[in-house]
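Structure first, then comments.
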Amino acid sequence: MSAKRRRDYYDEDEEYENDAVFANGGKSQKVEVDLSLLEALEKSQSQNKNAVEVVDLKTLKKLVLSFERKLKDNIEARLKYPNQPDRFADSEIDLHDDLHKLSILAGAPELYPDLVSLNAIPSILNLLAHDNTDIAVDVVQLLQDLTDPDVFEDDEESDEPARVLVDALVENNVLELLVQNLQRLNDSDPDEMAAVYSTLTTVENLVEVKPAVAEMVCERTKLLKWLLGKIKVREFDSNKQYASEILAILLQNSAANQRRVGQMNGVDVVLQAVAMYKSKDPKSLDEEEMVENLFDCLCCLLMPLENKERFVKAEGVELMIIIMKQKKSAYSSAIRALDFAMTKYPPACERFVDVLGLKTAFAAFMGKIPVNKKNKKERYQEELEERIVSLIASLFGGILRGSRRERLLSKFVENECEKIDRLMELYMRYSDRVKTETERLNHLELDDLEMDEEEKYNRKLESGLYTLQLIAVILGHIWCSEHPHMRARIELLLKQQKLTNEDVKDILQEYHDNIGDLDGPEEKERAQAKIQKFISAF
């Protein structure tokens, strides 16, 4: 029986005894007097409760002292009567109540450093291993309340108490204790299922305050194993959804976590999870969000080279093409995953061509996408265009020669070069958008708003410059193929728009000059040499 349920049970007994007194009193006047006394007592308790809500250091010390006493009483009772739960039940109820009282501190985060200095953190965290899971659940709820981002202000000075608390929690093994407790919780019990959700929320809160926790929790605990096990379950529930979200957060900015999950067969696990939606749509918005989370996980996993290899071996390319062909809600997510898989990884590009993916990809490129409520949104279609342009650029970058290269180029010849017409249509649209943004930025400079060149360039990238650059790169690949019919078509379309090869060269030059060295100086030199080849050819 949970602490709360036990308290309710005892309260019912007290009400029963009071009813008996009233029944045996014999006089209605006595009953009225007793009722008025009860009303006065309830009013007094309500006023006292409101008074406690104003938390200061004195109140904090009282709360901590009371909690430590109740904890001591519970420990002593359990040691003295280990096989007689009824003898330590009252101390457990009192401990439950004091843990709930501590949650009022969430309204006074400025006292967190004092809570730490009073050395209450180790005592609170040790209760995560309490024999009574209800007490552990109370601690999880308390931690969730104390670390809730809504508690803290946005400015850096107000974040300091949060950092002090989180540092103390981490130093006292909160991550290990949370995950150990998580592993013993049972989803079939509603209270424990809620505790699972609260545990994941607390982990997310800790990562938000201290980003390094994302790698710490994966290094020190078996959380990744638990999360992967959760997303493997076929049935959908809120905790499966949240597990997918937490996994995506842990993978988002950590190459170490991406590799770690890859080594745990995580790529295959995530592929199996998304495969459930290859021919069906999610039944609710929450389930739809989970599917998006799973694809976020997959795309993060596809950052390291070794995971791209695992993806290809697990027939991930084939699965993504099947999802695209089925034209369900995961259509665009499958394109995104393929783009991540094929970026700077020729084996994935080769497999894509070998399993007849070009037909499916170019159908999307030509705008033949499935229509549903989500797809009708203009921004969705723009994102899909940008992603498919990136995918085709990756194909050209990964397949440099041979029959596969010929098959790729032939797509731009068929049906009277309709793919080149589409490419130039996109070129003009994104070119106009970038020109508009450039003019806007120039006006801002005239208004004396300072903006360095890097910031201006980033603003232009956000407005569509990167996609325009990729289109220019694709044009460069086609131009360098020296196919007379395709070259003539490009020149004709440029001329119709009153443009020349120089306009394409300018875009390629800007791309060349801004290639970063994230993958190392040698990779940067190779990329610049490739772009320089296109510039010279034009």
C-alpha center-to-center spacing [the range 187-254, the range 68-119] in angstrom: 27
Quote to one decimal, in nm, the extra length available between Val54 and Glu309 on full extension: 0.36 nm per residue of separation minus the C-alpha distance between them. 86.0 nm
Accessible area per residue, Å², the range 386-455 with all protein chains present, probe 1.4 Å: 54
Do the alpha carbons of any pairs in Lys278/Lys368; Lys72/Lys101; Lys325/Lys411; Lys283/Lys313 sit beyond 23 Å of each other, and which pairs? Lys283/Lys313
Summed over the other residues with a beta carbon less than 15 angstrom from that of His485, with K and R at +1 and D and E at -1, the charge totals -3
With a/c under 1.5 counting as rounded, go ahead and sort the range 391-538 into rounded, prolate or oblate using the C-alpha gyration tensor (a ≥ b ≥ c being the square roots of the eigenvalues; past the cut-off, prolate if a/b is larger than b/c, else oblate). oblate
Sorted by average packing, counted as other Cβ atoms within 10 angstrom per residue and highest first, what order do 139-145, 85-91 take? 139-145, 85-91
In degrees, nearest ten, helix 266-275 long axis to first principal axis of the chain (Cα): 80
Compute the distance in nm between two label points, each set 7 Å from the Cα along the Cα-to-Cβ direction, one at Gln84 and one at Arg429. 7.9
Relative contact order of the chain, please, whole-number percent, based on alpha carbon pairs below 8 angstrom and at least 6 residues apart. 7
Largest to smallest accessible area among Leu223, Leu400 [probe 1.4 Å]: Leu400, Leu223
At the level of C-alpha centres, the distance separating the range 167-181 and the range 300-344, in angstrom, is 36
Ignoring ligands, DNA and RNA, what percent of the accessible area of the chain is carbon or sulfur (1.4 Å)? 48
Degrees, to the nearest 10: 28-52 long Cα axis against longest axis of the chain: 40
Applying 1/(1 + (r/R0)^6) with R0 = 22 Å to the Cβ-Cβ distance of Met451 and Asn253, what FRET efficiency is obtained, to the nearest 0.05? 0.25
Taking 0.36 nm per intervening residue step and subtracting the Cα-Cα distance, what contour gain separates Ala529 from Arg234 on full extension? 101.3 nm
In whole Å, what is the distance between the alpha-carbon centres of the range 455-525 and the range 396-424? 16
Protection proxy (average C-beta count within 10 Å per residue), highest first, orders 315-326, 270-281 as 315-326, 270-281
Provide the solvent-accessible area of His96, counting protein heavy atoms only and rolling a 1.4 Å probe, rounded to the nearest 10 Å². 20
As I understand it, the value is the acute angle between the Cα axis of helix 466-480 and the longest principal axis of the Cα atoms of the chain; what does it come to in degrees, rounded to 10? 30
Would you kindly give the portion of the calculated P(r) for the range 210-352 that falls above 22 Å, as a percent of all Cα pairs? 33
Could you sort Arg220, Arg310 by their accessible area in this structure, using a 1.4 Å probe and putting the largest first? Arg220, Arg310
R0 = 60 Å: FRET efficiency of Glu68 with Lys495, Cβ-based, nearest 0.05? 0.10
Ellipticity estimate at 222 nm from DSSP helix runs (n ≥ 4, -39,500 (n - 2.57)) divided over the chain, nearest 500: -24500 deg cm²/dmol
Sequence of Phe236, Phe538 from largest to smallest accessible area, 1.4 Å probe: Phe236, Phe538
If the viscosity is 1.002 mPa s and the temperature 20 °C, what translational diffusion coefficient in µm²/s does Stokes-Einstein give for the chain when Rh comes from Kirkwood over Cα pairs? 76
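The values are calculated or read from the model by the stated rules, or taken from the named source; none is laboratory data. Note that the structure is predicted; figures quoted are calculated from it, not measured. Note that we place each Cβ from the backbone using ideal geometry, even for glycine, and neighbour counts take in every protein chain shown. Heavy atoms of the whole protein, side chains included, go into the accessibility calculation; ligands, DNA and RNA do not. Shrake-Rupley method; radii C 1.70, N 1.55, O 1.52, S 1.80 Å.
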